[in-house]
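A.B. asks: This is the structure I have questions about; it appears just below.
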Amino acid sequence: MSVFKKIAIADLDKLFAKTSEKMSIYVPTDNKDGDAVYTEWKDGVKLSDAVNTLRSAKDFFFPQTENLAGFKLVGKTIEMYRTAEEKEDFVLFGVRACDVKSFAILDSVFLADPVDTFYAARREHGIVVALACNDANDTCFCKTFGIDPAEPGADVSAWKNADEMFFKANTDKGAAWLASVSDVLEDAENGEGVVADVKQSINEMMSTLPLSGLTTESFDGKNLLEAFNSPEWKDLSSTCLGCGTCTFYCPTCQCYDIREFDTGNGVKRFRCWDSCMYSDFTKMAAENPRHTQLERFRQRFMHKLVYYPMNNNGVYGCVGCGRCLAKCPISMNIVKVMKTVGKEKA
């Protein structure tokens, strides 16, 4: 039996419908502005052809806001209760290789001791179906960080040509999902050859991108102080607005704040995304440890390019998805930092 399964592109709705009989399935679909966003599949929802989604798939495992606990006064006793919803199994379809890699980076933070049980529950219940990239944007540079867009990994890997989509399970969860939709899939005896051709086409396409030659050679951790003290940070950060747009679009940023609010019938504790670019980030009773935007700007990129890889076996904290390049209002991004700060050491 072939390890590959396949379905006609024209029949993808049958696959989505079959999945939705047992669990929710989320697919990238174009919104009214033409951006691809993850949407729960219902009849009439169409899979987007966009290279990547507006926001990353991170939201499904580390949402922007999340209730953690509630408190209420019963007599003279304060009772605490759990407010987080128990999660059911779901499928996240069409995730690109860059976002798949971001999950591993988030895992290294949230699944390390002490394990974040909220994140862990979502990871346990989520089945990720990753789709290889037949196209790319000029802002894509995932291969700089060793990510192969032709081999997306995850629970199930998927590839498509003009007429068909091919699937291969990589985990037990992935195999179980493919088995659950086997009625609408066919064995792909020609799968290995077709997928090989698709991979070759993807690799040829990636080599033509504007950022295909970008490297991390200058950020290997051996020149930490040299990078930290680079005079280039002053000019690079001079126009930064501190808006945090880059951090909110980034699939690997994991900073959050914990707050509480009075509902009128008790108190709820929740967490929400935070940004190292904000002037009040990690502000303590005495002061903020980073007084200037230059220091905050430098911290963000030093963490992605130096601090994180030094503590994680050389794995960088960026996946080259290009969202920050596309969304920064002053066109400042990690590529400019790599080229400018790294230039003197190249």
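The values are calculated or read from the model by the stated rules, or taken from the named source; none is laboratory data. Bear in mind the structure is a predicted one, so any value in this text is a computation, not a measurement. Cβ atoms come from the backbone with ideal geometry, glycine included; neighbour counts cover every protein chain shown.
A.B. asks: Return the pairs, sorted by first residue and then second, in which the second residue is assigned to a helix (DSSP H, G or I), the first residue lies in the range 2-20 and is buried (at least 18 other Cβ atoms within 10 Å of the Cβ), the beta carbons are less than 7 Å apart, and the residues are 6+ apart or on different chains.
C.D. replies: Listed by first residue and then by second, the contacts come to F4/G191; F4/E192; F4/V195; K5/L178; K6/G191; I7/L15; I7/V184; L15/V184.
A.B. asks: Could you tell me how many of the residues in the range 225-270 are of a type in the set (F, W, Y) and either closer than 16 Å to L294 by Cβ or part of a loop (DSSP other than H, G, I, E, B) (or both)?
C.D. replies: Final tally of qualifying residues: 2.
A.B. asks: Does F103 qualify as being in contact (Cβ under 8 Å) with a residue 24 or more places away in the chain, buried (at least 21 other Cβ atoms within 10 Å of the Cβ) and in a strand (DSSP E or B)?
C.D. replies: no
A.B. asks: Still on this model: Looking at G174, G244, which is the one that is touching a residue at least 24 places away in the same chain (Cβ under 8 Å), small (G, A, S), on the phi < 0 side of the Ramachandran plot and surrounded by 14 or more Cβ atoms within 10 Å (Cβ to Cβ)?
C.D. replies: Exactly one of G174, G244 is touching a residue at least 24 places away in the same chain (Cβ under 8 Å), small (G, A, S), on the phi < 0 side of the Ramachandran plot and surrounded by 14 or more Cβ atoms within 10 Å (Cβ to Cβ), namely G174.
A.B. asks: Return yes when D13 is out of contact with any Asp or Glu (no Cβ under 7 Å at 6 or more places or on another chain), among the charged types (D, E, K, R) and either more than 23 Å from D187 (Cβ to Cβ) or part of a loop (DSSP other than H, G, I, E, B) (or both) and no when it is not.
C.D. replies: When the stated conditions are applied, D13 does not pass them.
A.B. asks: Any idea which residue in the range 253-282 is modelled with the lowest pLDDT, counting only those that are farther than 17 Å from R298 by Cα and of a type in the set (V, I, T)?
C.D. replies: T263
A.B. asks: Restricting to the range 202-234, and then to whatever is closer than 26 Å to W159 by Cβ and among the β-branched types (V, I, T), can you tell me which residue is farthest from the chain's Cα centre (by Cα)?
C.D. replies: For the range 202-234, the residue satisfying everything is T208.
A.B. asks: If I filter the range 106-145 down to residues being without any contact (Cβ under 8 Å) to a residue 60 or more places away in the chain and charged (D, E, K, R), which single residue comes out as nearest to L15 (Cα to Cα)?
C.D. replies: The extreme case among them is E124.
A.B. asks: Could I ask something else about it? Of the conditions (1) under 30 Å from G70 (Cβ atoms); (2) modelled with pLDDT of 90 or more; (3) loosely packed, with under 14 Cβ neighbours inside 10 Å, A285 satisfies every one except a single condition; which number is it?
C.D. replies: (2)
This table checks each residue for (1) touching a His at 6+ places or on another chain (Cβ under 8 Å); (2) surrounded by 19 or more Cβ atoms within 10 Å (Cβ to Cβ); (3) modelled with pLDDT of 95 or more; (4) not in a helix (DSSP H, G or I).
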{"residue": "K42", "(1), (2), (3), (4)": "no, no, yes, yes"}
{"residue": "T53", "(1), (2), (3), (4)": "no, yes, yes, yes"}
{"residue": "K72", "(1), (2), (3), (4)": "no, no, no, yes"}
{"residue": "E88", "(1), (2), (3), (4)": "yes, no, no, yes"}
{"residue": "V91", "(1), (2), (3), (4)": "no, yes, yes, yes"}
{"residue": "C98", "(1), (2), (3), (4)": "no, yes, yes, no"}
{"residue": "V109", "(1), (2), (3), (4)": "no, no, yes, no"}
{"residue": "V128", "(1), (2), (3), (4)": "no, yes, yes, yes"}
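A.B. asks: What's the number of the only condition in (1) within 19 Å of the chain's Cα centre (by Cα); (2) farther than 18 Å from C246 by Cα; (3) of a type in the set (G, A, S) that G342 fails to meet?
C.D. replies: (1)
A.B. asks: Could you say which residue among Y38, Y81 is assigned to a strand (DSSP E or B) and over 26 Å from F141 (Cα atoms)?
C.D. replies: Exactly one residue qualifies, and that residue is Y81.
A.B. asks: Still on this model: Do you know which residues across the range 21-33 are in contact with a helix residue (DSSP H, G or I) (Cβ under 8 Å, 6 or more places away or on another chain) and surrounded by 14 or more Cβ atoms within 10 Å (Cβ to Cβ)?
C.D. replies: I25, Y26, V27
A.B. asks: Can you find even one residue in the range 269-277 that is surrounded by 14 or more Cβ atoms within 10 Å (Cβ to Cβ), under 20 Å from the mean Cα position of the chain (by Cα) and farther than 20 Å from T65 by Cα?
C.D. replies: Scanning the range 269-277 turns up no residue that is surrounded by 14 or more Cβ atoms within 10 Å (Cβ to Cβ), under 20 Å from the mean Cα position of the chain (by Cα) and farther than 20 Å from T65 by Cα.
A.B. asks: Across the range 310-323, what is the number of residues that are modelled with pLDDT under 95 and not in a loop (DSSP other than H, G, I, E, B)?
C.D. replies: Result for the range 310-323: 2.
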